[in-house]
Each structure stands twice: as C-alpha cells, then as structure tokens.
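The values are calculated or read from the model by the stated rules, or taken from the named source; none is laboratory data. Because the structure is a prediction, the values reported are computed rather than measured. Ideal geometry is used to build each Cβ from the backbone, glycine not excepted, and the neighbour counts take in all protein chains shown.
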Amino acid sequence: MDLTNWKNQRVLVAGLGVHGGGLAVAKWLLRQGARLTVTDLKPPSQLQPSLDRLESWRRRYKLKPVNYVLGRHRIGDFTKADLIIQNPGMPSDVVYLERARRQGVPILNEAALFFALVKMPIIAVTGSKGKSTTTALLGHIFRQFYPQTIVAGNIRETAMFDVVDKILAWQKQGKSVPIILELSSWHLEGLPTVKRSPQVAVITNILPDHLNRYKSFSAYRKAKEIITAYQGDDDWLVINKKDKNLVALSRRVRSQVLFFQDKQVPSTWQIKLPGKHNLSNVAAALQVAKIYSLPRGKVRQAVESFSGLPCRLEFVGEFSGVKFYNDSCATAPVAAVAALRVFKRKVILLAGGSDKKLPVADLARMIKAKAKFCFLFAGDGSERLKKELQRQRFPSRRLQDGFEDIISMLRAVKKVAKPGDVVLLSPGFASFSTFANEFDRADKFVRAARKFNKL
C-alpha cells in the first residue's frame, strides 16, 4: 500500500481502546482522507471518552463519517480493508486477522506505521521496569541541547500519532530533531512488518511480565529483543549489565553495545528520583548522552533537576498528618517490591488488582516485612496474593481486601492511619478489574487522597 496517498483508502482501526494510541492513529488517518472503520469488542459505553474525542475532531475539520462497529467484530470488515491498524487489545492470532492475512491485507500496529513514515534517527526505550522514567529523563536531558526534541510512545502524555505531522513536516524540510520513544513489547511486535529498528535502542531490563498475554517468559523476552532485530553496525544497543538475558543478547547483535549499571552514577550527584532502582535508569540515560557526546556538566544539571513522572513514587501530599505516595504504574509484583524497599519505615500499602500470571511470593514476603497494613482491590490477582500472604502468615487483622473503589478503601485506611504514617499505592497488578487503566487508578487515588480529611 502507498503510505503517501491515503485518500479513499479503506482503513480498519481494530481496537480503539481508552489509552489514546488508537485514538491518535484514527484521528490522523481521518485527516489524511482515509475511509475509516473503527471496530472494538468493547461496547460504546466503555469507549465513550475516545468516541467523543474522535467525533469532535471529525466535526472540527469537517471530515468523512466514521463507520463504527462496536461490541463485536465482522469478518468482512477485515477481509475487505486496504489496511488494518491493529491495536493492543487484539491478539495477533484471532480469526479475524488470520482471515485478513490470507486475503493479503497488510496489518500494521501504531509503531510499525510510525517507523514506516518517519525516516529520522530514533532513540527508543523498552524494558519491564523503568522505561517510562528513562524515556522522560532522556527527553529532559536532550531538551537542554535540542529544545524541539520529541518524546512520545507508550507514555501517558503523547501518543506517536499526536506528533507525527510535526515530524513529517520537519522531515520534508530536511531537518532532523531527536525523537525519543517509549516502546512496549506490543509495539515491538510490529517492527518486523516494516523491517526497521531504532538507531539507539535502550533496554532497561527484561523481567517476567505480561504472562497473561504471552505463553511464556521466553516469548515475552523475544518480543522485547525485537528492538535490535534490524540494527546495523553503526547503531547502538544500551543495556543493563546486571541482567543476564541482556548480557546474552549482547553477544548476538550486530550493533555496538554499551552497558549501564547503577554504580556509574556519581555518588556526589543530587538525584531527586527515590530508590536505588532509579539509579539504573539514570545510568542508562547517561550512556545515551555519551553516544551523542553531550557535555557532562550540562547533563548533570539536567539529571539533578529531573523529579520524575506522575504515578511513579510520586509524592501526592500530606493530609491529616499522613503522607500519600502514588505508584500506580507499578503493575507487576517486582515493581511493588522495589517501591516498598524505598521506605525505611513500615507503610500502609494499597495493592492488588487483575492477575498477569506473575510470581507473587517475593511481594508477599516484602509486604510482611514492610507493611503495617495492607488493603487489596478486588481482582483475581488480589486473590492469589491474599493466599500467598496467608502462607507467609501475614496477620489477618492487618489485611483487608475486596475493595471496588478508592474512596471506600481510603475510608478503611482512615480508621487505622495515624499522624506520621505513609500510605503507598503500589498495586503490583494491572488495574482492569476496577479501573480503566493505571492512570485512571492514579487519578482517582490522587483526588481521594486530597479529600482524606473529609472522608
């Protein structure tokens, strides 16, 4: 398909979703003149915010009507399309996509389409933990030298197709600016269709995650490793020296390799990011800065002025003498373990949610050691964690579970919290049993925490 001429092309967006990536692609395709069909298994009620934004966009620019097929999929929409944009909610092996492949319909995801259109060098960050912080820190550093630096991808603020027109305009003028992307394993799965890799690839770590989506850790690891698949001799791979999987990967790649580890960050630097795990993220960013020969002194100033991202050990405030921390983006047990390690005193932990089939024993042991009380959201992940806490003999009087919303949970917290206590939201699980996503969970937690005095 000719990606330079979209007029009247029949494009199917398979999965609009609520995260913003599918919406950004759909809006962009409409502006290009495509005949757009949007299909999603979710009913309109669950997609309403995305639907409202797409329709507002369409009316604003007086664009063609969108054909919506919601709450179901139809085989014909897939087999008769000129192009399918597959979004994360749709597994690659579903019958609809299989039939489309047999008909020769091209299938791209958001990242593949972006890489097909954008020819500028790209710095991309992936990993099980730390990729958002590392991506944002790199953006903060690079903007000290290149104010027009683009930061986008699997982060909350900016989807790739929110900024692609700006990039393509610069590209047409022969201009080049740094582009820094956060890529999930899902994004990376699309890159083989366009046979492109970023010129600088950063992998923070590869730890068990998303085993509700992948058949094994090996399958998940291979998805992460796709980031290097089309790199050449002049490209760079920046990886964690303490991760044995990444050390093994370094022996198989064509690109030049730089290792990072936390001890590379000078102890004299005043790092605002809490926790030893964030030193690894800083070290990764320093290695990328080294590739670009950015002056060390100014890089240090940027690192020391970076205070982190929302939802990642973010201090919300102190209310009724109780300090609240938002770590809603801890969606795997290992991330919640890292958060608990940061605090020297015992905390009141808010955790649990939807199961991703990950080991929970380490988290249960850490909860026993570092939590004075533990409150669990409703969800199958919480049920598994509760059983493990019982095996670890965590006192039942310090555990409450089954909460369907933040307000009721914080009301229960208020009954046991005392001035000087710390309340930490670090779930260790996905949010889908109770919230739209981890950002929805974070927003509701922050709003409720600020009303703690009145609950």
TODO: Go through the range 144-165 residue by residue and tally those that are part of a loop (DSSP other than H, G, I, E, B) and in contact (Cβ under 8 Å) with a residue 24 or more places away in the chain.
DONE: 9
Task: Any chance Ser293 is over 21 Å from the mean Cα position of the chain (by Cα) and among the small types (Gly, Ala, Ser) - done: yes
Open item on the list: Going residue by residue through the range 234-256, is there one that turns out to be of a type in the set (Ser, Thr, Tyr), touching a residue at least 24 places away in the same chain (Cβ under 8 Å), touching an Asp or Glu at 6+ places or on another chain (Cβ under 9 Å) and assigned to a loop (DSSP other than H, G, I, E, B)?
Closed with: yes
Open item on the list: So for the range 222-229 (the condition being among the basic types (Lys, Arg) and out of contact with any helix residue (DSSP H, G or I) (no Cβ under 7 Å at 6 or more places or on another chain)), does at least one residue qualify?
Closed with: yes
TODO: Restricting attention to the range 297-324, report how many residues are within 27 Å of Leu286 (Cβ to Cβ), touching a Pro at 6+ places or on another chain (Cβ under 9 Å) and modelled with pLDDT of 95 or more.
DONE: 1
TODO: Considering each residue of the range 404-429, count those that are crowded, with 21+ Cβ neighbours inside 10 Å and under 20 Å from Ala332 (Cα atoms), and give that number.
DONE: 8
- [ ] Find all pairs meeting these conditions: Cβ atoms under 9 angstrom apart; at least six residues apart or on different chains; first residue within the range 365-386 and in the same structural domain as Glu438 (by TED's automatic domain parsing) and part of a helix (DSSP H, G or I); second residue surrounded by fewer than 17 Cβ atoms within 10 Å (Cβ to Cβ) and polar (S, T, N, Q).
- [x] Arg365/Gln392; Ile367/Gln392; Lys368/Gln392
Open item on the list: Checking Phe435 against (1) modelled with pLDDT under 95; (2) part of a helix (DSSP H, G or I), only one condition comes out false. Which one?
Closed with: (2)
- [ ] Scan the range 204-216 for residues that are among the small types (Gly, Ala, Ser) and either part of a helix (DSSP H, G or I) or crowded, with 22+ Cβ neighbours inside 10 Å (or both) and jot them down.
- [x] none
- [ ] Please specify each residue of the range 398-432 satisfying the condition of being assigned to a helix (DSSP H, G or I) and not basic (Lys, Arg).
- [x] Ile406, Ile407, Ser408, Met409, Leu410, Ala412, Val413, Val416
TODO: Provide a single number: the residues in the range 123-150 that are under 26 Å from Thr4 (Cβ atoms) and crowded, with 22+ Cβ neighbours inside 10 Å.
DONE: 3
Open item on the list: Looking at Ala201, Ala223, Ala219 in this structure, which one is under 25 Å from Leu3 (Cβ atoms), within 21 Å of the chain's Cα centre (by Cα) and in a helix (DSSP H, G or I)?
Closed with: Ala223
